[in-house]
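K.L.:
This structure is in structure tokens; I'll ask about it shortly.
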Amino acid sequence: MSEAPLLRKAQLARHIRARLLSHLYDDSGVTPGGIAIYSLSDPRDIRNIRYVGQTAAPRRRLLQHLSTARLWLPDELPWWVSSPRLRPLYRWIRQLYQEEGRLPIMLVTRWVEPAAARLAEQALIRECLEKQLALMNVEMELLHRQLLLPLTSPTDARHAVPARSRSP
């Protein structure tokens with residue numbers, strides 16, 4: 001495995017822009033419009049989704065992810081990412097790049113109306129969690145806990161013993 005050469009910021013920006021369209025796919029099967037629900041994956045295994053997001057402009061959003069990762073800086077923790085909970089995503093993007101200059105693949109899975117975007121994003125996150133994929137989304141922890149909650153049926157609720165019915 002060879003490491004990617006450390007390019008200056010301007011050189012790297014030109015390099016990324018030249019390769020960007022080969023890392024962006026629309027698998028939705030519809031004409032783009034509204035909000036895109038997308039995933040980021042390692043180009044060696046695009047089924048192994050690492051992040052799920054939503055955007056009105058996929059190309060611009062992929063550029064934002066790559067810019068935030070600051071690939072031109074030497075190998076170090078992404079201290080510049082203000083939220084520590086987002087740092088694993090950008091550390092992963094930096095590791096991909098350090099391994100032979102790889103960039104993540106952005107796959108648009110569907111386009112939805114803006115009002116439905118949050119629910120569609122959460123549905124894709126849940127689907128990934130059910131497949132036990134190692135997502136780096138901040139929302140992953142909350143949604144994972146919700147998936148683990150036991151579901152009670154109306155029958156179970158009728159047979160439950162109320163807490164105050166205990167004998168004194």
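The values are calculated or read from the model by the stated rules, or taken from the named source; none is laboratory data. All of these numbers come straight from a predicted model, not from anything done at the bench. Positions of Cβ are generated from backbone atoms using ideal geometry, with glycine treated the same way; all protein chains shown enter the neighbour counts.
K.L.:
Keeping to the stretch 50-87, report how many residues are closer than 24 Å to E130 by Cβ, modelled with pLDDT of 85 or more and out of contact with any Cys (no Cβ under 7 Å at 6 or more places or on another chain). Talk me through it step by step, then tell me what you get.
P.N.:
Here is the first cut: in the stretch 50-87, the residues closer than 24 Å to E130 by Cβ are 50-55, 85-86.
Narrowing further to those that are modelled with pLDDT of 85 or more: 50-55.
Checking which are out of contact with any Cys (no Cβ under 7 Å at 6 or more places or on another chain) leaves us with 50-51, 53-55.
Matching residues across the stretch 50-87 total 5.
K.L.:
Can you find a residue that is modelled with pLDDT of 65 or more, surrounded by fewer than 16 Cβ atoms within 10 Å (Cβ to Cβ) and in a strand (DSSP E or B) anywhere in the stretch 119-131?
P.N.:
No: the stretch 119-131 contains no residue that is modelled with pLDDT of 65 or more, surrounded by fewer than 16 Cβ atoms within 10 Å (Cβ to Cβ) and in a strand (DSSP E or B).
K.L.:
Could you tell me whether any residue of the stretch 59-66 is part of a strand (DSSP E or B) and either more than 20 Å from W111 (Cα to Cα) or in contact with a helix residue (DSSP H, G or I) (Cβ under 7 Å, 6 or more places away or on another chain) (or both)?
P.N.:
no
K.L.:
Which ones in the stretch 88-116 are surrounded by 15 or more Cβ atoms within 10 Å (Cβ to Cβ), at pLDDT below 90 and more than 16 Å from Q64 (Cβ to Cβ)?
P.N.:
Correct list: P88, R91, Q98, G101.
K.L.:
Within the stretch 28-49, count every residue that is surrounded by 14 or more Cβ atoms within 10 Å (Cβ to Cβ), of a type in the set (V, I, T) and out of contact with any Cys (no Cβ under 7 Å at 6 or more places or on another chain).
P.N.:
Let us first name the residues in the stretch 28-49 that are surrounded by 14 or more Cβ atoms within 10 Å (Cβ to Cβ), namely 28, 34-42, 46, 49.
In the following step, the residues that additionally are of a type in the set (V, I, T) were identified as 35, 37, 46, 49.
From what is left, the residues that are out of contact with any Cys (no Cβ under 7 Å at 6 or more places or on another chain) are 35, 37, 46.
Result for the stretch 28-49: 3.
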